[in-house]
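Contents: one structure, followed by commentary.
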Amino acid sequence: GEPLTLDGITHSYGDGLAVDDVTLQVAGGELVALLGPSGCGKSTLLRIVAGFLNQSQGHVKIGERFVDSLPPNRREVGIVFQNYALFPHMTVADNIAYGLDARGDSRSDQRFRVEKMLKTVRMEDFGDRKPGQLSGGQQQRVALARALAVQPRILLLDEPFAALDKNLRLDMQIEIKRLQRQFALTAILVTHDQEEAMAIADRIAVMRKGRIEQLGTPVEIYDQP
Ligand code: ADP
Ligand code: ADP
């Protein structure tokens, strides 16, 4: 994975300051959790990295490249949202192929890659189903497969476990950690759940009122004597 650099990111909605001068370096292959209460600016920061929102100040760099002027579809980021956001009328396979098709991969490349991703998230037998025929946890695995299919440079996880019940949430945490390690993915996880952040993050950025208040490994932040 490539490093991600946020340099002095500031964002205001009208006159409300949502993100206040955030600087953060995520190493290649590292998962950093943005942890903090509702309204502290986590989603705003994530949307800026994804390119859905243009920051008022500061720069975003992926690898050695500034991406500030690139639209979302050219930033090569994969995103998983809490509410799955699968296309309900399309099969699981077609959902996973969506980004591959959009960038012009051949039919046979798409099929090959979809099969591979179905295996990766252990959903081999579900390619022909519609999302509505899957459990919440299965839908979230498909959403992960769709995000990873295009081999994104950065993986963005926006409360990906929030809609799942406790057991599924733990399964999904293990699944994401496994894949993140296996592919050495550079990733950002947005969460308000401390246990979740501790379970899968390499480092945690504790946010408050638009700023990073603390930054360190889970042990450094929570297990100090
Ligand atoms: P979260 O805290 O998980 O980001 P919210 O429920 O706060 O979710 O926000 C849901 C949506 O509403 C988001 O798209 C966000 O941009 C928008 N939103 C949040 N706060 C405001 C606000 N004060 N004014 C307008 N839109 C808002
Ligand atoms: P979090 O993800 O940590 O819940 P957000 O990034 O959603 O925080 O919100 C940070 C601040 O920006 C909050 O005060 C929220 O109300 C405000 N906000 C978020 N989205 C919008 C929006 N679309 N319009 C106006 N204010 C917003």
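The values are calculated or read from the model by the stated rules, or taken from the named source; none is laboratory data. What you are looking at is a predicted structure, and each value in this text was computed from that prediction instead of being measured. No Cβ is skipped: glycine too gets one built from the backbone with ideal geometry, and neighbour counts run over all protein chains shown. For accessibility, only protein heavy atoms count, side chains too; no ligands or nucleic acids. Shrake-Rupley method; radii C 1.70, N 1.55, O 1.52, S 1.80 Å.
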Unmet criterion (only one of (1) outside any strand (DSSP E or B); (2) more than 16 Å from ligand 2 (Cβ to nearest atom); (3) more than 26 Å from Asp193 (Cβ to Cβ)) for Gly28: (3)
Pairs where the first residue, in the range 139-160, is at positive phi and the second is open to solvent by 10 Å² or more (accessible area, probe 1.4 Å), C-beta under 6 Å, 6+ apart: Glu159/Gln82
Those residues of the range 118-146 which are β-branched (Val, Ile, Thr) and either closer than 15 Å to Ala85 by Cβ or surrounded by fewer than 15 Cβ atoms within 10 Å (Cβ to Cβ) (or both), in sequence order: Val142
Test for Gln180: is it of a type in the set (S, T, N, Q) and either open to solvent by 60 Å² or more (accessible area, probe 1.4 Å) or more than 13 Å from the chain's Cα centre (by Cα) (or both): no
Subset of the range 177-206 (residues that are among the hydrophobic types (A, V, I, L, M, F, W, C) and out of contact with any helix residue (DSSP H, G or I) (no Cβ under 6 Å at 6 or more places or on another chain)): Leu179, Phe183, Ala184, Leu185, Ile188, Leu189, Ala197, Ala201, Ala205, Val206
Residue match in the range 39-51 (condition: part of a loop (DSSP other than H, G, I, E, B) and either of a type in the set (Asp, Glu) or under 16 Å from the mean Cα position of the chain (by Cα) (or both)): yes
Any pair with Cβ under 6 angstrom, 6 or more apart, that starts in the range 22-45 at a residue that is closer than 23 Å to Gly63 by Cβ and ends at one that is within 16 Å of ligand 1 (Cβ to nearest atom) and outside any strand (DSSP E or B): Ala33/Ala197; Leu34/Lys42
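Yes or no, residue by residue, for (1) more than 15 Å from ligand 2 (Cβ to nearest atom); (2) open to solvent by less than 60 Å² (accessible area, probe 1.4 Å); (3) more than 22 Å from Leu100 (Cα to Cα):
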residue	(1), (2), (3)
Cys40	no, yes, yes
Ser43	no, yes, yes
Asn54	no, no, yes
Ile62	yes, yes, no
Ser69	yes, no, yes
Arg75	yes, yes, no
